[in-house]
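Participant: Below: one structure in structure tokens.
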Amino acid sequence: MAAIALPVITWGGFYVRKAHAAVEVTQNSQTTNSFANAQLLYTLKGHDGTVKSLAFTPDSRILVSGGAENEGVIRLWNLTNGKKLGDINKAHKAAVESLVISPDGQTLASCSDDNTINLWSLKNLKFSRSFVGHTSNVLSLAVSPDSKILISGALDGIRLWDLLQQRPLGTLVSFDNLIYTLAISPDGQTLASGDNKGVIKLWNLSTGKLISEFVAHSNSVSAVVFTPDGETLVSASRDRTVKLWNINTGELVRTLTGHNNWVNAIAINPDGQTLASAGKDGIKLWNLTTGELINTLSGHTDWVSAIAFSPNGKILASGGFDKQIKIWGTPQKRH
């Protein structure tokens with residue numbers, strides 16, 4: 001019998017009491033946060049290597065981060081006070097490439113260069129199961145809006161998994177191009193994939209059929225993300241550009257240039273107005289409607305490798321090769 005190494009979990013209590021929140025989050029529908037005046041709120045330290053992946057819980061209170069190289073660790077942070085909540089120390093045997101949290105807030109899924117996908121209960125941070133099937137590095141995860149289906153993109157193709165029954169559903173494509181990134185449209189109907197050759201493919205998730213494919217970039221596609229209205233797909237690439245595509249016509253709407261090297265990651269604010277892109281030269285914030293560059297956030301001392309907006313749109317988190325996580329936002333005025 002081979003010994004199975006179970007993840008080592010240290011946990012400091014999960015429930016954040018609202019009464020003791022250090023930062024009061026007030027919902028004001030009048031203020032649209034363009035991040036034009038965003039500042040560094042605080043820095044989270046605790047990773048021993050590159051921060052590869054970031055995900056927020058649906059209530060925007062907790063940030064989950066995944067470590068690279070041989071760290072294979074997942075860390076959880078309380079965003080009301082910037083303190084570390086807990087660790088999953090041996091979440092994977094290699095880099096945690098992507099993290100997603102199901103919209104219902106029940107499940108955290110992680111994938112890794114160790115070819116596996118692991119599921120964790122967010123209620124108690126217990127390991128629930130592994131999805132094994134990929135034969136190569138799993139680089140990207142996406143979860144359907146109804147929290148029922150998990151999709152994984154790897155160097156050997158795309159697979160679908162049933163999150164509720166925690167079982168494999170099938171393979172969308174295998175051994176096509178190397179899949180680097182995935183995104184699911186807000187209505188849950190369309191999957192976008194980006195690969196090593198700069199090709200983007202759109203798939204119908206109910207039939208599994210390919211809708212369309214086009215050469216989007218002259219180098220690898222590093223990230224794809226849908227706008228909240230589902231009308232536009234935004235793609236980032238190692239060719240230093242970010243591009244906006246009309247989903248219905250397939251036409252290129254706009255190309256954003258300004259990065260001096262690979263664009264590693266992109267994120268869209270839930271308000272649909274602000275796009276963040278990240279690379280060697282920091283984080284750039286763009287007006288999605290006009291394509292105008294509205295701000296550049298410099299704070300990392302090395303490449304920025306991961307970015308994510310909180311679901312309430314108030315915070316931008318970034319992780320870098322400098323092993324740090326930076327939390328950006330507009331400081332709340334005290335009334």
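Participant: Would you check if Asp48 is open to solvent by 40 Å² or more (accessible area, probe 1.4 Å) and at pLDDT 95 or above?
Facilitator: Answer is no for this residue.
Participant: In the list Gly170, Gly188, Gly157, Gly208, which residue meets the criterion of being at pLDDT below 95 and closer than 23 Å to Ser128 by Cβ?
Facilitator: Values: Gly188 fails: at pLDDT below 95; Gly157 fails: closer than 23 Å to Ser128 by Cβ; Gly208 fails: closer than 23 Å to Ser128 by Cβ.
Residue meeting the stated conditions: Gly170.
Participant: Identify the residue in segment 107-139 that is more than 20 Å from Val51 (Cβ to Cβ) and under 17 Å from the mean Cα position of the chain (by Cα) and, among all such residues, is least open to solvent (accessible area, probe 1.4 Å).
Facilitator: Once the filter is applied, the top-ranked residue is Leu119.
Participant: Filter segment 223-270 for residues that are open to solvent by 30 Å² or more (accessible area, probe 1.4 Å) and among the small types (Gly, Ala, Ser) and give the result.
Facilitator: Gly250, Gly258
Participant: Report, ordered by the first and then the second residue, all pairs with beta carbons closer than 6 Å, sequence separation of six or more or different chains, a first member in segment 66-93 that is under 13 Å from Trp120 (Cβ atoms), and a second member that is part of a loop (DSSP other than H, G, I, E, B) and of a type in the set (D, E, K, R).
Facilitator: Within 6 Å, the pairs are His92/Asp114.
Participant: Among the listed residues Leu163, Leu150, identify the single one that is open to solvent by less than 10 Å² (accessible area, probe 1.4 Å) and farther than 20 Å from Val215 by Cα.
Facilitator: Within the list Leu163, Leu150, the selection yields Leu150.
Participant: Which condition does Ser193 not pass, out of (1) in contact with a Lys or Arg (Cβ under 6 Å, 6 or more places away or on another chain); (2) more than 19 Å from Ala109 (Cβ to Cβ), if it passes all the others?
Facilitator: (2)
Participant: Of the numbered conditions (1) assigned to a loop (DSSP other than H, G, I, E, B); (2) surrounded by fewer than 18 Cβ atoms within 10 Å (Cβ to Cβ); (3) at pLDDT 95 or above, Thr43 satisfies every one except a single condition; which is it?
Facilitator: (1) is the only condition that Thr43 fails.
Participant: Here's something else I'd like to know. Would you be able to say whether some residue in segment 208-216 is of a type in the set (A, V, I, L, M, F, W, C), buried (at least 20 other Cβ atoms within 10 Å of the Cβ), outside any strand (DSSP E or B) and under 21 Å from the mean Cα position of the chain (by Cα)?
Facilitator: The answer is yes; a qualifying residue exists.
Participant: Related question: Scan segment 100-135 for residues that are hydroxyl-bearing (Ser, Thr, Tyr) and in contact (Cβ under 8 Å) with a residue 40 or more places away in the chain and jot them down.
Facilitator: If the condition is that a residue be hydroxyl-bearing (Ser, Thr, Tyr) and in contact (Cβ under 8 Å) with a residue 40 or more places away in the chain, then Ser102, Thr107, Ser110, Ser112 are the ones that fit.
Participant: Here is a list of conditions, (1) open to solvent by 20 Å² or more (accessible area, probe 1.4 Å); (2) free of Cβ contacts under 8 Å to residues at least 40 places away in the same chain; (3) closer than 18 Å to Ser98 by Cα, and Lys280 meets all of them except one; can you say which number that is?
Facilitator: Exception for Lys280: condition (3).
Participant: Looking at Thr274, is it in contact with a strand residue (DSSP E or B) (Cβ under 7 Å, 6 or more places away or on another chain), touching a residue at least 40 places away in the same chain (Cβ under 8 Å) and among the hydroxyl-bearing types (Ser, Thr, Tyr)?
Facilitator: The answer is yes for Thr274.
The values are calculated or read from the model by the stated rules, or taken from the named source; none is laboratory data. This structure is a prediction, so every number in the text was calculated from the model and none was measured. Because the Cβ atoms are built from the backbone with ideal geometry, glycine has one as well, and the counts that use them run over all protein chains shown. Accessible surface areas use protein heavy atoms only, side chains included; no ligands, DNA or RNA. Shrake-Rupley method; radii C 1.70, N 1.55, O 1.52, S 1.80 Å.
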